[in-house]
1. If you line up the Cα atoms of the range 105-145 on their principal axes, what length do they span on each, largest first, in Å?
2. Listed highest first by mean packing, meaning other Cβ atoms within 10 Å per residue, what order do 311-318, 291-298 come in?
3. Let me know the whole percent of all Cα-Cα pairs from the range 41-150 that are separated by more than 17 Å.
4. Between the range 264-343 and the range 185-216, how far is it from one alpha carbon centroid to the other, in angstrom?
5. Give me the Å³ per residue figure for the convex hull around the C-alpha atoms of the range 88-214.
6. Return the Cα extents of the range 258-359 along principal axes one, two and three, sorted largest first, each rounded to a whole Å.
7. With a point put 7 Å past each Cα toward its Cβ, work out how far residue 24 is from residue 255 in nm, to one decimal.
8. For the pair residue 236/residue 52, report the inter-label distance in nm, with labels modelled 7 Å from Cα in the Cβ direction.
Ligand SMILES: Cc1ncc(COP(=O)(O)O)c(C=O)c1O
């Protein structure tokens with residue numbers, strides 16, 4: 001079989017070098033004679049792996065000392081509930097930016113726990129653009145402001161960090177963490193499901209400013225309490241050890257690519273060439289207005305929708321996998337996270353050109 005490129009939105013492609021290294025050291029990590037898979041999380045060998053992963057993530061994102069980094073479970077979806085539980089801190093309302101499928105999910109969970117003020121609602125434009133900051137309806141008394149910097153399904157990305165006037169900013173960075181430098185000090189809390197730019201599913205990274213770790217109100221289970229996880233070094237219970245180890249390999253790989261600033265340049269180039277081809281093709285289209293287009297997830301359609309299934313099928317056969325769009329929006333989607341090499345995007349564009357030539 002020729003080269004296969006995986007455009008899945010998540011669990012997504014991991015860097016090839018990472019998977020090769022994981023295979024090489026599968027039975028014996030760091031000369032311990034043990035597989036990461038079978039190590040006690042309390043063992044010295046695993047703690048060394050865990051600490052190195054955290055140190056590398058801190059270095060990659062330049063995370064200040066007054067932020068805790070937590071390695072949790074439950075996916076980004078668990079955070080939709082943990083955030084209001086932990087961050088309301090006596091208040092009863094929070095601001096949310098509704099910009100697509102995933103922020104809508106976050107809003108749904110928050111509504112179970114508090115009053116939600118939709119400071120931004122992009123549903124009226126079909127999630128194809130973000131209103132300018134002058135139109136945001138921020139409530140200065142909100143406990144926090146939640147937004148989704150990259151909407152994985154709608155392909156909409158914030159290219160600036162919102163200004164919230166001192167109200168803690170909370171970001172679901174599941175699909176663009178580590179794809180570009182961000183100033184962590186602008187955030188109260190950042191969270192990300194691992195299965196796109198960090199590693200395999202089963203792990204969720206939370207980066208939280210220490211002063212926000214006051215503990216959840218009485219009456220809720222311990223596993224929902226950030227303060228407890230922070231105190232226990234993310235080992236209050238058994239953490240997802242294999243996923244943590246693999247995340248560490250990805251962080252190490254990213255450092256060797258030159259870090260986040262260097263991978264951002266590659267990401268800009270990959271996205272630019274794909275959008276440029278789509279816009280100029282006269283055959284494919286992307287609905288998102290240019291300033292808000294995602295560098296990570298590129299949805300596209302063909303005017304004649306009856307060709308969608310054929311496109312996906314022929315792409316699969318050509319080694320271009322998982323290009324089917326999310327069932328919520330249909331069409332196609334190319335997810336081009338850090339691990340997608342530029343040649344993968346070139347191969348996709350070449351295939352799209354050829355498909356258009358035959359069917360246009
Ligand atoms: C932006 C965003 N938030 C949340 C989720 C849900 O993540 P999980 O399945 O890890 O709960 C996803 C999943 O793709 C996502 O892309």
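1. 29, 23, 11
2. On the way: 311-318: 16.6, 291-298: 23.2.
Per-residue Cβ counts within 10 Å, averaged per peptide and sorted highest first, yield 291-298, 311-318.
3. Tail fraction, whole percent: 63.
4. After rounding, the separation between the Cα centres reads 28 Å.
5. Hull volume normalised by residue count: 113 Å³.
6. 42, 29, 26
7. Placing both labels 7 Å beyond Cα along the Cβ direction yields 1.6 nm.
8. 2.8 nm
Coordinate-derived values only; no laboratory data. All figures in this text were calculated on a predicted structure; none of them were measured in a lab. Quick reminder, even Gly has a Cβ in these numbers, built from the backbone with ideal geometry, and neighbours come from all protein chains shown.
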